[in-house]
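S.K.: Handing you a structure now.
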């Protein structure tokens, strides 16, 4: 069973919660063990990122920002960033992405450029599709 928690202030929180639930169940429809996905909506993420995700096979923690610089992000943009991070959550929970190294499916990608890392390629490929399907 997937346990989803969303904390923080955000417009359309109920819609965003339903979106996250729909996306995570779409990405992992057959999961039978208990996993937790904690989402924290914050004003700004570290390093100017739009979102961050870390985790392991039992839990994924996501941080999504409401603002980028001084610009307030609209709800659909927050949802897009959340979709991207939920793909990473799936990668951690399934064990494809190792939590402390740049290892994908047991292959080292520490020298691979950011946009070509397999986990980023998958997340960027799916984010728009997930937004269109569930937002």
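Readers should treat all values here as calculations from the given coordinates under stated rules, not as data from a laboratory. All figures in this text were calculated on a predicted structure; none of them were measured in a lab. Here Cβ is always computed from backbone atoms with ideal geometry, including for glycine, and neighbour counts include all displayed protein chains.
S.K.: Mind listing just one residue for me: the one in region 26-48 that is assigned to a loop (DSSP other than H, G, I, E, B) and without any contact (Cβ under 8 Å) to a residue 40 or more places away in the chain and, of those, nearest to residue 61 (Cα to Cα)?
M.R.: Residues of region 26-48 assigned to a loop (DSSP other than H, G, I, E, B): 28-34, 43-45.
Keeping just the survivors that are without any contact (Cβ under 8 Å) to a residue 40 or more places away in the chain gives 29-30, 32-34, 43-45.
Working: 29: 19, 30: 21, 32: 19, 33: 17, 34: 15, 43: 16, 44: 16, 45: 13 Å.
Among residues in region 26-48 that are assigned to a loop (DSSP other than H, G, I, E, B) and without any contact (Cβ under 8 Å) to a residue 40 or more places away in the chain, the one nearest to residue 61 (Cα to Cα) is 45.
S.K.: Do you know which of the residues in region 90-103 that are in contact with a helix residue (DSSP H, G or I) (Cβ under 7 Å, 6 or more places away or on another chain) and crowded, with 19+ Cβ neighbours inside 10 Å is farthest from residue 14 (Cα to Cα)?
M.R.: 97
S.K.: Continuing with the same structure: Name the one entry in 48, 55, 69 that is in contact with a strand residue (DSSP E or B) (Cβ under 9 Å, 6 or more places away or on another chain) and surrounded by fewer than 19 Cβ atoms within 10 Å (Cβ to Cβ).
M.R.: Values: 55 fails: surrounded by fewer than 19 Cβ atoms within 10 Å (Cβ to Cβ); 69 fails: in contact with a strand residue (DSSP E or B) (Cβ under 9 Å, 6 or more places away or on another chain).
Going through 48, 55, 69 in turn, the sole match is 48.
S.K.: Also, I was wondering about something else. All but one of (1) over 15 Å from residue 23 (Cα atoms); (2) in contact with a strand residue (DSSP E or B) (Cβ under 9 Å, 6 or more places away or on another chain); (3) not in a helix (DSSP H, G or I) hold for residue 60; which doesn't?
M.R.: Among (1) over 15 Å from residue 23 (Cα atoms); (2) in contact with a strand residue (DSSP E or B) (Cβ under 9 Å, 6 or more places away or on another chain); (3) not in a helix (DSSP H, G or I), the lone unmet condition for residue 60 is (1).
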